[in-house]
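I have placed the structure first, in the form of structure tokens, so that the comments after it can refer back to it.
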Amino acid sequence: MSDNSFGRLLRVTTFGESHGPAIGCVIDGCPPGIAIAPEDFRADLDRRATGKSRHTSQRHEADEVEILSGVYEGITTGTPIGLLVRNTDARSKDYSKIAEQFRPGHADYTYLHKYGRRDPRGGGRSSARETTMRVAAAVIAKKWLRDRHGITVQAHVSQIADIRPRGFDVAAIEGNPFFWPDASQVAEIEAFMDALRKSGDSVGARVDVVARNVPPGWGEPIYGKLDAEIAAAMMSINAVKGVEIGAGFAAVAQRGTEHRDLMSPAGFASNHAGGILGGISSGQDITCSVAFKPTSSLRLPGATVDTAGQPVEVITTGRHDPCVGLRAPPICEAMLALVLMDQALRHRAQCGDVGVVLPVVPGGGA
């Protein structure tokens, strides 16, 4: 498996399996001088973690980060940063019955065809457990982006099944287990999720993520397009089946007079482009929407085949999320932050001394 790294100047490599002894990452290219301590990782890892409510998998991991290298006296040194998180609550026996079966909608079938063997314990490398290390790496990226550029990255769940927010209050997002922006709907979603969990089925979700205060000029015009790298980063997350930048697929039904974001000295009139023009940031908010499929591991029986090609009925036991998208906002934030920091370092390397030759149009339009 050769593609375990992403980024160019800021390069993150993850390793480990869901039910192995540990998971970890190496962050290469991180600038020196960033203050970081093990406790700095706690908040975002808690936001991503399972077992925080009855609506997610009941796997309870400690998620304690060990800093192995690249930090001295609480400050990054510029050398590779090694982070390790030990798995403390794996139950591999839950997967013994399906070791010779393929779960429909899961990566079991494709892994076996690619590598000739697979790790059935919790999905092995294809488990969402791997995203723990992306979130950990992005703690450093978020801090650098905030301190150097005033950039903030925040995500929320904007759809569960056919339920959409009726209102939007940014203060409500972190106050409920669904990252939901309308507190008046939390009881409704609780009831929906309780019924879904009892039925044994699962459902998909949509996550919206926005980066604010990104300066204009980041990204490349062709192969390093900022929107292309954001889309690739989001598609690398487990269970993601769709990504939109700005208006996304809604642009299909728009006229050019509606979609183009008119400009004036006061700013942009709208932001259908999602803050990116020609692959380069415009200075507006960068907006991205990510679609998560329903969880494939279900206790409801379904038809499949075994490794001998024989028809069998599969039932997946163990601890699984009825809606994997409910834990996805911190992961989407992480991938956007890592892409932005990498692009910022690349821009600084090539164009850091380029002066502003035109007035900067204030960002505007949501």
Next on the checklist: Taking the Cα of A37, stepping 7 Å toward and past its beta carbon, and measuring to each backbone N in segment 119-144: which are under 19 Å?
Outcome noted: 136-137, 139-144
Checklist entry - Between K198 and A250, how many nm apart are label points set 7 Å from Cα along the C-beta direction? => result 3.6 nm
Checklist entry - How much FRET efficiency would the formula 1/(1 + (r/R0)^6) give for I222 and H113, where r is the Cβ-Cβ distance and R0 is 56 Å, rounded to 0.05? => result 0.95
Item to check | Gained length - R146 relative to T317, 0.36 nm times residue gap less alpha-carbon distance | outcome: 57.3 nm
Checklist outcome for this item: Expected sort for 24-32, 221-229, 289-297 on mean C-beta neighbours within 10 Å, highest first, is 289-297, 24-32, 221-229
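For the chain, what is the relative contact order in percent, using Cα pairs closer than 8 Å and at least 6 residues apart in sequence?
Relative contact order for the chain comes out at 21 percent.
Express in nm, to one decimal, how much length is gained between S69 and N4 on full extension, taking 0.36 nm for each residue of separation and deducting their alpha carbon distance.
Going from the current span to full extension adds 21.5 nm.
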Checklist entry - Between S264 and N213, what FRET efficiency follows from the Cβ-Cβ distance if R0 is 35 Å, with the result rounded to 0.05? => result 0.95
Checklist entry - Computed from these coordinates, which is Cα extents along the principal axes in Å: (i) 56, 55, 41; (ii) 66, 50, 38; (iii) 59, 57, 37? => result (ii)
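No lab work stands behind these numbers, since they all come straight from the coordinates. Worth saying up front: this structure is predicted, and the values here are computed from it rather than measured. Don't worry about glycine lacking a Cβ; one is built from the backbone with ideal geometry, like all the others, and counts go over all protein chains shown.
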